[in-house]
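Visitor: Sharing a structure with you now.
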Amino acid sequence: MIASTRNHTHHDTSPKPYGQLAWPMRFSGKLISACLLLLVVLSGCAGSSSQKTTAQSSTPTATQNQGNQVPGSTNIQCTQHSSNPVQLNVLYSSEKQAWMEPVVAAFNKQHYNACDGPITVKATPAGSGASMQEILNGTSQPDVWSPAGNVWVTLINSQWNAKHGSNLIATGANDTPSLVSSPVVIAMWKPQAEALGWPQKAIGWSDIAKLSTDPQGWKTYGHPEFGDFKFGHTNPSTSNSGLDAVIAMTYASTNKTRGLTKADVASTQATSFLSNVESSVIHYGDSTGFFADKMFQNGPGYLSAAILYENLVVEANDGQTYKNLPYPVVAIYPKEGTFYSDHPYTVLQASWVTPAKQAAALAFRDFLLAPAQQQKALQEGFRPANNQVPITAPLDSAHGVDPSQPHTLLQVPSADIVNAIEDSWGQQKRRVDVTLILDRSGSMNDTIGGVSKIDGAKQGLQEFVKLLSNDDELGVTTFSDQEDVVSPISLLGPKRQNVLAGIAGINANGSTKLYDTIADVVQQVKSTPSKHIKAVIVLTDGEDTASTLKESQLIDKIKASGENAGNSVKVFTIAYGSAAGGDGPDKTILTQIANSTGGQEYAGNPQNIEAVYNQISLFF
């Protein structure tokens, strides 16, 4: 992986209201009897006369140590009992990484066991959509999967069932308990929210759609200094917050809170509404945290509002994470309804999940839901799933949130409706004008892992071109001692095959005229007349050796600034091949170039460059 950063009951396949999923996360004592049954089972495992018992061992069970009963217990019989250690592989959504890392470390220090020997948890953060695809294609085989929301359980079961004839994840009432939750909100600068009438007036998607298409922008609301309305959400194909956002938009367009149909999704009313909101998006992406960082570090000139989680609003206002926050940030709970990011804990029904791992998964789940760990989650801005932990600070108005909200929860649609919504978004999303810049200096002929750098880079470029829409505009420029335009920026559809052939014919030789090329291409993209997202993606394997511009001069020319900084040309840089320093690219400089425009820096090599370009494509 490249580093950057629905729950149905009783096997019923009909959609359930999200409210039925969210509120029970703060469980009551009515399920304690199931947990007591678990204690009996674990005690039975420990009582095997042929094995070392838990009572005799200095390594007690998680349940005994925590003395804590939690919902969702499954009666897992210990088919055998041993002292063999168990490694539990957990794949979890990156949104809760700040909470998970320390609690996993605490669990591993205790050497808990269940039916077998000490349990060690290996926990890996990943985006919900990306991790789902890894499981489906077999590149990842976790024992436990915890995406950001239950919608991904619906989607993975649908695809797994189509291939294998059974669900990967059980869908009983207690099979996917929530670990923590955080409502999906519209994060907005407080003065801008107040200009819309908040908090006296409820704000929602209809207000966002209206703002997005208002040519006067914030001037209509008495704040010309804020420029245009600039909006952001992640790519719904890979990110939970982005997927929840486009589903919520579709609901808002139909004035429904449940029972969406394919006819609703395809209606002119829905597609027009979606298109209106998307018209103000400055870019997409695969990380909700990336949006939070960009918004809170760069201010209202970069983003007016973004789809985030409530816990990120809490973090923004904590006075520590973003010390130069220009204004407080508030969470808008859309009046038409929203979703909880409820972080289900799922034990996969897969061949690699042994009985020992199932028992270990239950012990780890109990540990995560115990009050001590839930209290830590609260301090990270999450709503605890355990009702023994009251919702207190920092979930309060001082941190820009309202724990009494949301008042309206939306029903999670079935998988076919979710897929239809994703397809509709693909048609209505804001298009991109993008130029690919490729370093073709002589050092690109060097090989890494048996593959020349130039050949790997060309394959990456071709992969990116294939991912774009016919309605996007694309240019390709190479550089060494001078710039060479392979294809000027223009509509991609009619020229796609010619572009692919042109990329295939690129050869490497000469020096590295990096800075001048970036400056020229950014200006070319900036001058295109469309209202598309505008971006430049530059790959280089070395430091500049032939430009007239210095690094500081380049950054002055291309940096995002002013009240509409968010609509500037984003530069994404790829440090290719060698590590920083020596004859390779200076990653620090490439990071500064990207950050100055609101873009991002990546590292790549011939072996992973296609994946790098694939990840960058999620911004568009």
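The values are calculated or read from the model by the stated rules, or taken from the named source; none is laboratory data. Given the structure is predicted, the values throughout are model-derived calculations rather than measurements. Here Cβ is always computed from backbone atoms with ideal geometry, including for glycine, and neighbour counts include all displayed protein chains. Accessible surface is based on the protein model in full, side chains and every heavy atom, while ligands, DNA and RNA are left aside. Shrake-Rupley method; radii C 1.70, N 1.55, O 1.52, S 1.80 Å.
Visitor: Could I have the simple spin-label model distance between GLN141 and ASN419, label points 7 Å from Cα toward Cβ, reported in nm to one decimal?
Guide: For GLN141 paired with ASN419, the spin-label model returns 2.6 nm.
Visitor: Measure off, as a whole percent, the carbon and sulfur share of the 1.4 Å-probe accessible area of the range 173-290, all protein chains present.
Guide: Heavy-atom surface of the range 173-290 belonging to carbon and sulfur, 1.4 Å probe: 50 percent.
Visitor: Report the convex hull volume per residue for the range 354-478, counting only C-alpha atoms, in Å³.
Guide: 300
Visitor: Report, please, the projected area of the range 153-288 averaged over directions, based on the convex hull of its C-alpha atoms, in nm².
Guide: 10.8
Visitor: Would you report the distance distribution of C-alpha pairs in the range 290-393 as whole percents per 5 angstrom bin, up to the bin with the largest distance?
Guide: 2, 10, 16, 16, 14, 14, 11, 8, 5, 3, 0
Visitor: Contour minus end-to-end for ALA398 and THR528, with contour as 0.36 nm per residue of separation and end-to-end as the Cα-Cα distance?
Guide: 42.4 nm
Visitor: I would also like to ask the following. Quick one: accessible surface of THR124, probe radius 1.4 Å, all protein chains present, in square angstrom to the nearest 10.
Guide: Approximately 50 Å² of THR124 is accessible to the 1.4 Å probe.
Visitor: May I pose another question? Would you work out if the range 420-522 is rounded, prolate or oblate? Take a ≥ b ≥ c from the square roots of the eigenvalues of the alpha-carbon gyration tensor; rounded if a/c is under 1.5, else prolate when a/b is larger than b/c, oblate otherwise.
Guide: prolate
Visitor: Using the per-residue mean of other Cβ atoms lying within 10 Å as a proxy for protection, in what order, highest first, do the peptides 97-105, 569-577 fall?
Guide: For the peptides 97-105, 569-577, the packing ranking is 569-577, 97-105.
Visitor: I want the antiparallel fraction of DSSP beta bridges within the chain, as a percent rounded to 5.
Guide: Of the beta bridges lying entirely in the chain, close to 35 percent run antiparallel.
Visitor: Further, regarding this structure: Could you check the spin-label model distance between THR321 and LYS109? Points 7 Å from the Cα along Cα→Cβ, value in nm.
Guide: Going from the THR321 label point to the LYS109 one covers 2.4 nm.
Visitor: If each of THR213 and THR261 carries a label point 7 Å out from its Cα toward its Cβ, how far apart are those two points in nm?
Guide: Here the modelled spin labels are 2.4 nm apart.
Visitor: Positive end of the charge dipole of the chain (Lys, Arg +1 and Asp, Glu -1 on Cβ, about the Cα centre): tell me which of ALA370, VAL432, PRO85 has its Cα farthest that way.
Guide: ALA370
Visitor: ³J(HN,Hα) across the range 224-231 via Karplus (A = 6.51, B = -1.76, C = 1.60, θ = phi - 60°), whole Hz, x for Gly/Pro?
Guide: x, 5, 8, x, 6, 7, 10, 10
Visitor: Size of the dipole of the range 535-620 about the Cα centre, Lys and Arg at +1 and Asp and Glu at -1 on the beta carbon, nothing else charged, in debye to 20?
Guide: It comes to approximately 240 debye.
Visitor: From the protein chains alone at 1.4 Å, what is the descending order of accessible area for GLU380, GLU483, GLU225, largest first?
Guide: Most to least solvent-accessible, the answer reads GLU225, GLU380, GLU483.
Visitor: So who's got an amide H within less than 5 Å of the one on TRP198, skipping anything under 5 residues away but keeping other chains? H placed 1.01 Å off N, in plane.
Guide: So TRP198 has HN proximity to no qualifying residue.
Visitor: Ranking request for peptides 385-393, 541-549, 275-283: highest mean number of other beta-carbon atoms within 10 Å first, then the rest in descending order.
Guide: Put in order of decreasing packing, that is 275-283, 541-549, 385-393.
Visitor: Using θ = phi - 60° and the Karplus relation 6.51 cos²θ - 1.76 cosθ + 1.60, list the HN-Hα couplings for the range 156-167 in order, rounded to whole Hz, with x at every Gly or Pro.
Guide: Here the 3J(HN,Hα) series is 5, 5, 4, 6, 5, 5, 4, 8, 10, x, 7, 6 Hz.
Visitor: On full extension of the chain, what length is gained from ASN470 through THR354, given 0.36 nm per residue of separation minus the C-alpha to C-alpha distance?
Guide: Gain on stretching ASN470 to THR354: 37.1 nm.
Visitor: Roughly how far apart, in whole Å, are the Cα centres of the range 444-504 and the range 193-265?
Guide: About 36 Å separates the Cα centre of the range 444-504 from the one of the range 193-265.
Visitor: Among the listed pairs LYS190/LYS294; LYS495/LYS570; LYS163/LYS458; LYS294/LYS376, give every one whose C-alpha distance is greater than 22 Å.
Guide: Going by Cα-Cα distance, LYS495/LYS570; LYS163/LYS458; LYS294/LYS376 fall outside the 22 Å limit.
Visitor: For the chain, what is the accessible area per residue in Å², given a 1.4 Å probe and the full set of protein chains?
Guide: Heavy-atom accessible area per residue stands at 37 Å².
Visitor: Which percent of the accessible heavy-atom area of the range 507-578 goes to carbon and sulfur, probe 1.4 angstrom?
Guide: Roughly 42 percent, rounded to a whole number.
Visitor: What number, rounded to the nearest 500 deg cm²/dmol, is the helix-based mean residue ellipticity at 222 nm of the chain, given -39500 (n - 2.57) per DSSP H run of at least four residues and division by all its residues?
Guide: Result for the chain: -11000 deg cm²/dmol, rounded to the nearest 500.
Visitor: Explain nothing, just the number: dipole magnitude of the chain about its Cα centre with +1 on each Lys and Arg Cβ and -1 on each Asp and Glu Cβ, in debye rounded to the nearest 20.
Guide: 1320
Visitor: Take the range 347-414, compute every pairwise Cα distance, and split them into 5 Å bins from 0; I just need the percent in each bin.
Guide: Values per bin, smallest distances first: 3, 14, 16, 14, 14, 15, 12, 6, 3, 1.
Visitor: Jot down the per residue volume, in cubic angstrom and as a whole number, of the convex hull over the alpha-carbon atoms of the range 215-265.
Guide: 122
Visitor: Another one. Quick one: which of 248-255, 158-165 comes out on top by average Cβ neighbours within 10 Å, and what's the full order, highest first?
Guide: Descending mean neighbour count gives 248-255, 158-165.
Visitor: Quick one: if the Förster radius is 30 Å, what FRET efficiency do LYS550 and ILE448 give, using the C-beta to C-beta distance and rounding to 0.05?
Guide: After rounding, the FRET efficiency stands at 0.55.
Visitor: In straight Cα distance, which lysines are under 20 Å from LYS357, not counting same-chain residues fewer than 8 positions off?
Guide: LYS52, LYS109, LYS122
Visitor: Oh, and also: Which lysines have a Cα less than 16 Å from the Cα of LYS429, not counting those fewer than 8 places away in the same chain?
Guide: Partners found: LYS230, LYS531, LYS534.
Visitor: Now a separate question. What whole-number value in cubic angstrom gives the convex hull volume per residue for the C-alpha atoms of the range 390-436?
Guide: With only Cα atoms used, the range 390-436 gives 217 Å³ per residue.
Visitor: Could you check how much of the accessible area of the range 393-434 is carbon and sulfur, as a whole percent, using a 1.4 Å probe?
Guide: Carbon with sulfur: 43 percent of the solvent-accessible area.
Visitor: Determine the dipole magnitude for the range 158-271: charges of +1 sit on the beta-carbon of Lys and Arg, -1 on that of Asp and Glu, nothing else is charged, the reference point is the Cα centre, and the result goes in debye to the nearest 20.
Guide: It works out to roughly 200 debye.
Visitor: Where both residues lie in the range 391-488, what percent of DSSP beta bridges are antiparallel, nearest 5?
Guide: 45
Visitor: How much length, in nm to one decimal, is gained on full extension between THR220 and GLN497, taken as 0.36 nm per residue of separation minus their Cα-Cα distance?
Guide: Extra length from THR220 to GLN497 when fully extended: 95.2 nm.
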